[in-house]
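Below: the structure, in C-alpha cells.
The values are calculated or read from the model by the stated rules, or taken from the named source; none is laboratory data. Keep in mind that what you see is a predicted model, and the values were worked out from it rather than measured. When we count neighbours, we look across all protein chains shown, and the Cβ atoms used for this are built from the backbone with ideal geometry, even at glycine. Remember, those area values only see protein heavy atoms, side chains included, never the ligands or the DNA or RNA. Shrake-Rupley method; radii C 1.70, N 1.55, O 1.52, S 1.80 Å.
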Amino acid sequence: MPQLKGWDRAVWAIAFAAAAASVATGAVVGGRSYVVVSAVVVLCAIVPCFVRFERRRPQAREVVMLAVLCALAVAARVAFVWLPHFKPMLGIIMIAGMAFGASPGFLVGSLSALVSNFIFGQGPWTPWQMLAYGACGLVFGLLANGGYVRGRLGAGKLLAVSIAGGLFVVAVAGPILDTSSLFFMVSSITPEAMLAVYGAGFPVNLMHGAATTVTLLLLANPLLGKLARVKRKYGMF
Amino acid sequence: MALLAVEDLTFSYPGASQPTLRDVSLRVGAGEYLCLCGPSGCGKTTLLRHFKGVLAPHGERTGRVLFDGASLDALPLDRQSARIGFVMQDPDAQIVTDTVWHELAFGLESLGCPSDTMRLRVAEMASYFGMQEWFRRSVHTLSGGQKQLLNLASIMVMQPDVLVLDEPTAQLDPIAARNFLATVHRVNRELGCTVVIAEHRLEEVYACADTVAVMEAGRITVQGDPRSVAAALYAAGDAMTLALPAPVRIFQGVEGAGEGRLAPAPPALPAGACPLTVREGRAWLARRIEAMPPAQTGLAAPPLAECPRDDAALQASDLWFRYGRDLPDVLRGVDLRIPRGELCALVGGNGTGKSTLLRCLCGAARAYRGSVRVLGRKLGDRRERDLFRECMALLPQDPQNIFVKESVRADLLEMLADGPLPPEAREEAIGEVARKCAVEGVLDRHPYDLSAGELQRAALAKVLLTRPRILLLDEPTKGLDSFCKRALAEVLRGLCDEGAAILMASHDVEFCARYAQRVSMLFDGSIAATDSPRRFFGGNGFYTTAANRMSRGLLEGAITDEDVIGLCRS
Amino acid sequence: MGFDSYHPAVLLAFFTGAIVLCVIVQQPLFQAAGFASAALCLICLRGREGWKTVAAMLAVLAVLACLNPLFNTGGETVLFRYFGGRPYTLQALAYGASTGCMFATVMLWFACYNRMVTSDKLTYLFGGIAPAVTLTLTMVLRLVPSYQRKVQQIVQARSCIGKSSARGGLRQRAEGGALTLSALTTWALEGAVTTADSMRSRGYGAARRTSFAKHRFGARDAVAAAVLAVCAAVAIACLLGGGAAAQYIPVIAIPPLSPLGWAGFAAFLCFMLLPSAIQVKGDLTWRFLRSRI
C-alpha cells in the first residue's frame, strides 16, 4: 500500500519535527522545561502509531481483537491474586506482539498501559509507561514479523523467548519507566542521581522481569495456539 | 407482498458433507410475528443469519433471499444495518461499549447520524424501554436480563423494519426471559415491527406468533398458524410436540390421539378449538369437565415423609451468611435436610440466595453461624481435598466455567490427574462416565463447540469423576430445550437410584414438578416450606406449573400435563 | 455544579496548562501558590481524603528535598560534610525543595484530574479525531470488569469441584492461574467474534462515525476557556520575560517581583484557583438555594 507509506512517512516527519521543536523551545525557556519537553518527545514517539492505526480504517474484527488483547493484559492480574506481586501484564503484551506482529503489539502495549492507568490513576508516568509497554509489544512483534515465531513454540524457543522477555523488562522496559522518575523527582541529572534512581528501580524491575518470564513460560504456547486459530479462522491483522 | 422472503435456499458450510439448509422457502409479511422452532442443530441460526447480509455465513449457497422485493445482497450496508435488526443469544458479548447511553448510540454513531437526531432517537427509545433509571450506568452493573433489553433497545433506535432474534433468552432466567419476550411482543404490536424469532421457550412465544415454522434437519417441515401447526405436529407424531405449551399438549392429550402415538387419524378436531394460553385452556377444560365429568377429579397428595436426622446425606442447621461485615444477611437461619437417593429441588425468586446457599453447603462460602453436616460429619472437620473426593461436588450455573482444557477428554482427565487410578483405568473411568451422561460422541470436541445440552452433560460427567455422593446443581436446566431436559433428568434419576443425594437450585418450575421428590422454597434467606412437589405446587397459586394453573379449582392436585390428561381421561 | 461539570475540553485545557506551568516555574512564591491551589482543589473535591493526600505529598516533598544534596554537590554554603568530605549544601537542599514541590504539585493535580476527567470524557473528546482508538479504549474499559468477573467465576466454580487455585506451592498457584487465564482467553476470543458481528450488524464501517454529544460547549464553558486563555497568556509572558526568574545553584538568587512579575503572579494564581473558585461558588449557591426552599 504505497499511499499508506507516504502518509506514514509524513506523520513520522511531523512527529519528529514536533519533537525537535519542543526540544528547541525547551532550550530557549531553560529551567525545568526539559521535564515537559521529555514528555512531549515521548508522546511524539507514540502518536504516529495511533495515527497509522486510525488511517487504516480498521475493521470491526481488528478493533475487537485489539480491545480483547488489551483487556486480557489488564485483567490478567486477577487470575494470579494468589501470587503476591506477580504482574503478568507485560508477558501477555509480548505474547500479543508475537501473535500479531510489531505494529499491533505496540498498540496493545501502549493502550494497556493507558487503560490500567485509567483504573489505578493517571500520573506523570503515563506517557513513559505507554512507551515502555508499547516497546515490549513492538520488539516481540518483530520476532513474528521476522518469522522467528509462528504459532506454537518449541521447547528451546520457548525458553529463549521467556528469558529474553524477562531480560527485556529488566534492561529496557523497566528503565524507561524509571526515567520518568528521574525527570520528575530529581533536580539535576547527575551520575549519582541516575545511579540512585535506576538502582532503586532495579529490584522492582527484577521482580517484574521474573513474573514476565514465568508468564511467558506458562502461557506463551497456550495463548499463541488460541490466537493463531482465531487469526486463521477470521483472517485478522 | 412479503417483506422478507426466502426462496429455495440451500446452503452448505465449506467442507460439510451435507447441506445445513435444504430448499427452504419462507415468507414473512410486514408486521408479522414469525416463530421458528426446532431441535438444536436443525439449522435455525444458519437460516436466521441469512436474513442479515453482513452476518450470512460463508459457504455454498443456491436460492435467493429477498427483502422488500429486491435481493438482500443489493441492499447497501448502511440501509441494511438500519432496516434489519439482529439480536443474538449472548447478552454480554453483543454489547460493544462501556455505558448504557453509549451502547444505545453506537448504531447511530456508526451510520454517521447527526447529533440532534441521535439525541432524540436515543432519548425516545430509552423512554420506551424504561431505561431512564440506568441510562448513565456502566454495562457491567446490569443483570443479564437488562443487558439483553439493552441489546434490543440499541437495535430499535435504528428504527428497523424487521427484528430478527436468535434464541435471545437462552441465557436468561425464566423471569427475565418472560419480561424480554413480552417486550418483543410489545415492539411487534405497538411499533408494527416485523419479528422473526427462533426460540425454544414456546410457552411464552407460541401464543404471540402469527406464524410458526418448524425446522428439522435443515428443512421447514410444517408452517402455518400456531393451532394448525400444533395439529399437524400431533398428526405426524413429531417429537417437537414435547416442546409445545402445556395447554396445547393437554388439549391434544385429552382430545386427540396422544403424543407420538401413530393412531388412526382422530376424529377431526376443529382446529380453532385448541387453547394456546392458560386462560383459553381453563375455559376449554371447564367445558370439557362439564360435558364429560371424569371418574376421578383429584390426585391424592400424601404428606412428605420427614427425613430422619441421622439418615440425611446433607444437613444444614441454622445457617447465617453475609458477604461482608457491613453487608446485609443473605441467609438467615437456613434449616435443610437432604436424604440419600432423592432428587431435591430448591426454588425461589431471583436473588433469594439459592446459589449462595449451595456454596455454603460445599464450604466454598463460610457461614458465620450454624453448621453443615456432610454424610454425618461436620463440614469444618473435613479437609478440602477429602470433601471434593468421593463426597461432594457443585455444578455451577454456567457449566463452561469448569472447562479449562482444549478438549472434553483432556478436561475429564484433569479430574483424575492427581488421583490414585493408573492411566489405563483412567480411560476406562472416562468411558464409563461418558456413557452414563451420554457424551461419548463429543469427548474429542472443544468444550466451547458443544451445544448447551451437551455442555451441561459433559460438565456433569466431569463432576461425576470425583464420585460424589452428594451433588449440588445450580440451575441445571438453564438454556436447555425440552429434549435436553429430558435427557438430563434421566441421568439424574440414574444417579439417585445409585444412592446419590442431589440438591438442585432451579427456576424451572415444570422440571421440578415433574422430576423432583421434594421441593424446598427459599424466601427471605430461610426455607419457607419443604414438601412433595404435588403438595407444594398444588397449593401455590402463582409459583406453580402451567398445568396446575390451568386445572386449579377444576381438578385437585394435578401438577403435570400427564396428571391433567390422566384425570380427564379417567 | 462544580468544575467537573464543565465541558471536557475546558477541563483538559486547564489540567494541561496547570501541570505545564507548575513544572516550568521555579520562583518559590509561584511554586507555593501552585501547590496551595492544587491542594485546595483536591480538598474541595475529596474532603478528608484530600487532606490525607496533601499531607503525604508534603512528606514526599521533604524527602526529595533532603535527598537532593546527596546527588547534587553544587552550591556554596556547605552545611556539613560526609563520606570523607562530600559536601551537603544549602543551595542543593533549596533546589531539592523546589523540585520536590514541583513533583508534589504535579501529583496533586493528577489526583484532581483523575477525579474530574473520567475515561468517558476523554473518549468523548477524542471521539471525533481518533474514532477507532477511542472506540477501542471504550471497549477495553467495558471488557476489563467483565473479564475480572469471569476469572472470579472460573476460580469459584473450580474450587467447588476440588480444583482450588489458592492451594499448593508457588508453582501450583502459578499453574492454576495460567490455566484460569487460558480458559479466560478462550472465552474472550469466543465473545470477540460475537462482538465483531454485533458491531457489523449495527453498521460499523458503513459511514464516517459521528459521536453522541453528551456534553455541550455552552456559554459558561466559553467564559471559563477565555479566562484560562488570558491568564495563561499573561503568566507565560511573565515567565518568558524573566518576571519569575529564580536561581538556586551555585548561589540562591531570587530577585523581588517586578511589576511584570506581580502581574504574572496574579494571572498564575487566577488560573490555578479557577476550579476551586467555581467549586466554592457552586457550594454557596446551593446553600443559598436550600435556605430558600
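Scan segment C:1-43 residue by residue and report those that are of a type outside the set (S, T, N, Q) and more than 30 Å from C:Ala94 (Cβ to Cβ).
C:Met1, C:Gly2, C:Phe3, C:Asp4, C:Tyr6, C:His7, C:Pro8, C:Ala9, C:Val10, C:Leu11, C:Leu12, C:Ala13 - these are the residues of segment C:1-43 that are of a type outside the set (S, T, N, Q) and more than 30 Å from C:Ala94 (Cβ to Cβ).
Residues in segment A:153-210 that are β-branched (Val, Ile, Thr) and in a helix (DSSP H, G or I): A:Val161, A:Ile163, A:Val169, A:Val170, A:Val172, A:Ile176, A:Thr179, A:Val197, A:Val204.
Do we find that B:Ala461 is modelled with pLDDT of 90 or more, open to solvent by less than 60 Å² (accessible area, probe 1.4 Å) and in contact with a strand residue (DSSP E or B) (Cβ under 9 Å, 6 or more places away or on another chain) in this structure? Here the answer is no, as B:Ala461 does not meet what is asked.
One line per residue, one yes/no per condition, for (1) of a type in the set (Gly, Ala, Ser); (2) at the interface with another protein chain (Cβ under 10 Å from one of its Cβ atoms); (3) open to solvent by less than 60 Å² (accessible area, probe 1.4 Å):
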{"position": "B:Pro396", "(1), (2), (3)": "no, yes, yes"}
{"position": "B:Phe403", "(1), (2), (3)": "no, yes, yes"}
{"position": "B:Val408", "(1), (2), (3)": "no, no, yes"}
{"position": "B:Asp418", "(1), (2), (3)": "no, yes, no"}
{"position": "B:Ala425", "(1), (2), (3)": "yes, no, yes"}
{"position": "B:Gly431", "(1), (2), (3)": "yes, no, yes"}
{"position": "B:Lys436", "(1), (2), (3)": "no, no, no"}
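The single condition among (1) under 21 Å from B:Phe536 (Cβ atoms); (2) surrounded by fewer than 21 Cβ atoms within 10 Å (Cβ to Cβ); (3) in contact with a Pro (Cβ under 8 Å, 6 or more places away or on another chain) that B:Ala313 does not satisfy is (2).
Consider segment C:111-127 and keep the residues that are within 8 Å of chain A (Cβ to nearest Cβ) and either of a type in the set (Lys, Arg) or over 24 Å from A:Val51 (Cβ atoms) (or both). The one that is most open to solvent (accessible area, probe 1.4 Å) is C:Asn114. Across segment B:531-570, the qualifying residues are those that are among the basic types (Lys, Arg) and assigned to a helix (DSSP H, G or I), and the one among them that is surrounded by the most Cβ atoms within 10 Å (Cβ to Cβ) is B:Arg534. One residue is enough: does segment C:189-203 have a residue meeting the conditions buried (at least 19 other Cβ atoms within 10 Å of the Cβ), under 30 Å from B:Met156 (Cα atoms), in contact (Cβ under 8 Å) with a residue 24 or more places away in the chain and facing chain B (nearest Cβ under 9 Å)? Within segment C:189-203 (the criterion being buried (at least 19 other Cβ atoms within 10 Å of the Cβ), under 30 Å from B:Met156 (Cα atoms), in contact (Cβ under 8 Å) with a residue 24 or more places away in the chain and facing chain B (nearest Cβ under 9 Å)), the answer is yes, since at least one residue qualifies. Considering segment C:30-53, and only residues there that are surrounded by fewer than 22 Cβ atoms within 10 Å (Cβ to Cβ) and small (Gly, Ala, Ser), the residue that is farthest from C:Ile278 (Cα to Cα) turns out to be C:Ala32. Could you check how many residues of segment C:81-106 are within 31 Å of the chain's Cα centre (by Cα) and over 30 Å from C:Leu42 (Cα atoms)? Final tally of qualifying residues: 1.
Which count do you get for residues in segment B:50-76 that are touching a residue at least 24 places away in the same chain (Cβ under 8 Å) and not in a loop (DSSP other than H, G, I, E, B)? Don't jump to the end; show me each part of the working.
We begin by selecting, within segment B:50-76, every residue touching a residue at least 24 places away in the same chain (Cβ under 8 Å); these are B:50-55, B:57-69.
Now narrow it down to the ones that are not in a loop (DSSP other than H, G, I, E, B): B:53-55, B:60-67.
Looking only at that region, the number is 11.
When B:Phe51, B:Phe86, B:Phe67 are checked against the criterion of being among the aromatic types (Phe, Trp, Tyr) and at the interface with chain C (Cβ under 10 Å from one of its Cβ atoms), B:Phe86 stands alone in meeting it. The residues listed here are B:Asp173, B:Asp210; of these, the one that is open to solvent by 10 Å² or more (accessible area, probe 1.4 Å) and within 10 Å of B:Cys35 (Cβ to Cβ) is B:Asp210. Just one of the numbered conditions (1) out of contact with any Cys (no Cβ under 9 Å at 6 or more places or on another chain); (2) surrounded by fewer than 23 Cβ atoms within 10 Å (Cβ to Cβ); (3) not aliphatic (A, V, I, L, M) is not true of B:Glu216: (1). Out of B:Leu150, B:Leu120, B:Leu111, one residue alone is surrounded by fewer than 21 Cβ atoms within 10 Å (Cβ to Cβ) and among the aliphatic types (A, V, I, L, M). It is B:Leu120.
Considering every residue within segment C:71-80, establish whether at least one is in contact with a helix residue (DSSP H, G or I) (Cβ under 7 Å, 6 or more places away or on another chain) and either assigned to a helix (DSSP H, G or I) or buried (at least 23 other Cβ atoms within 10 Å of the Cβ) (or both). Within segment C:71-80 (the criterion being in contact with a helix residue (DSSP H, G or I) (Cβ under 7 Å, 6 or more places away or on another chain) and either assigned to a helix (DSSP H, G or I) or buried (at least 23 other Cβ atoms within 10 Å of the Cβ) (or both)), the answer is yes, since at least one residue qualifies. Mind checking whether some residue in segment C:137-157 is at the interface with chain B (Cβ under 10 Å from one of its Cβ atoms), among the small types (Gly, Ala, Ser), buried (at least 21 other Cβ atoms within 10 Å of the Cβ) and assigned to a helix (DSSP H, G or I)? So far as segment C:137-157 goes, yes, one or more of its residues are at the interface with chain B (Cβ under 10 Å from one of its Cβ atoms), among the small types (Gly, Ala, Ser), buried (at least 21 other Cβ atoms within 10 Å of the Cβ) and assigned to a helix (DSSP H, G or I). Among the residues of this structure, C:Leu181 counts as one that is at negative phi, of a type in the set (A, V, I, L, M) and buried (at least 23 other Cβ atoms within 10 Å of the Cβ). Among the candidates A:Ala155, A:Ala144, A:Ala135, the residue that is assigned by TED's automatic domain parsing to the domain that holds A:Ala99, surrounded by 15 or more Cβ atoms within 10 Å (Cβ to Cβ) and farther than 25 Å from A:Leu43 by Cα is uniquely A:Ala144.
Any idea which of A:Gly209, A:Gly201, A:Gly166, A:Gly225 is farther than 18 Å from A:Leu72 by Cβ and surrounded by fewer than 21 Cβ atoms within 10 Å (Cβ to Cβ)?
Unique residue meeting the criteria: A:Gly201.
Looking at C:Ala226, C:Ala232, just one residue is away from every other protein chain (no Cβ under 13 Å), in a helix (DSSP H, G or I), surrounded by 20 or more Cβ atoms within 10 Å (Cβ to Cβ) and not acidic (Asp, Glu), and that residue is C:Ala232. Quick one: which residue in B:Asn548, B:Asn540 is polar (S, T, N, Q), within 30 Å of B:Leu319 (Cβ to Cβ) and in contact with a helix residue (DSSP H, G or I) (Cβ under 9 Å, 6 or more places away or on another chain)? Among B:Asn548, B:Asn540, only B:Asn540 is polar (S, T, N, Q), within 30 Å of B:Leu319 (Cβ to Cβ) and in contact with a helix residue (DSSP H, G or I) (Cβ under 9 Å, 6 or more places away or on another chain). Looking at segment A:47-143, the helices (runs of 4 or more DSSP H) lying wholly inside it that each contain 1 or more residues that are away from chain C (no Cβ under 11 Å) sit at A:89-100, A:102-120. Checked against (1) among the small types (Gly, Ala, Ser); (2) buried (at least 23 other Cβ atoms within 10 Å of the Cβ); (3) touching a Phe, Trp or Tyr at 6+ places or on another chain (Cβ under 7 Å), C:Ala94 passes all but a single condition, namely (2). The set of residues in segment B:330-363 being surrounded by fewer than 21 Cβ atoms within 10 Å (Cβ to Cβ) and within 14 Å of chain C (Cβ to nearest Cβ) consists of B:Ser355, B:Gly363. Restricting attention to helices (runs of 4 or more DSSP H) lying wholly within segment B:107-211, give those where 3 or more residues are within 21 Å of C:Ser211 (Cβ to Cβ) and of a type in the set (Val, Ile, Thr). Output list is empty.
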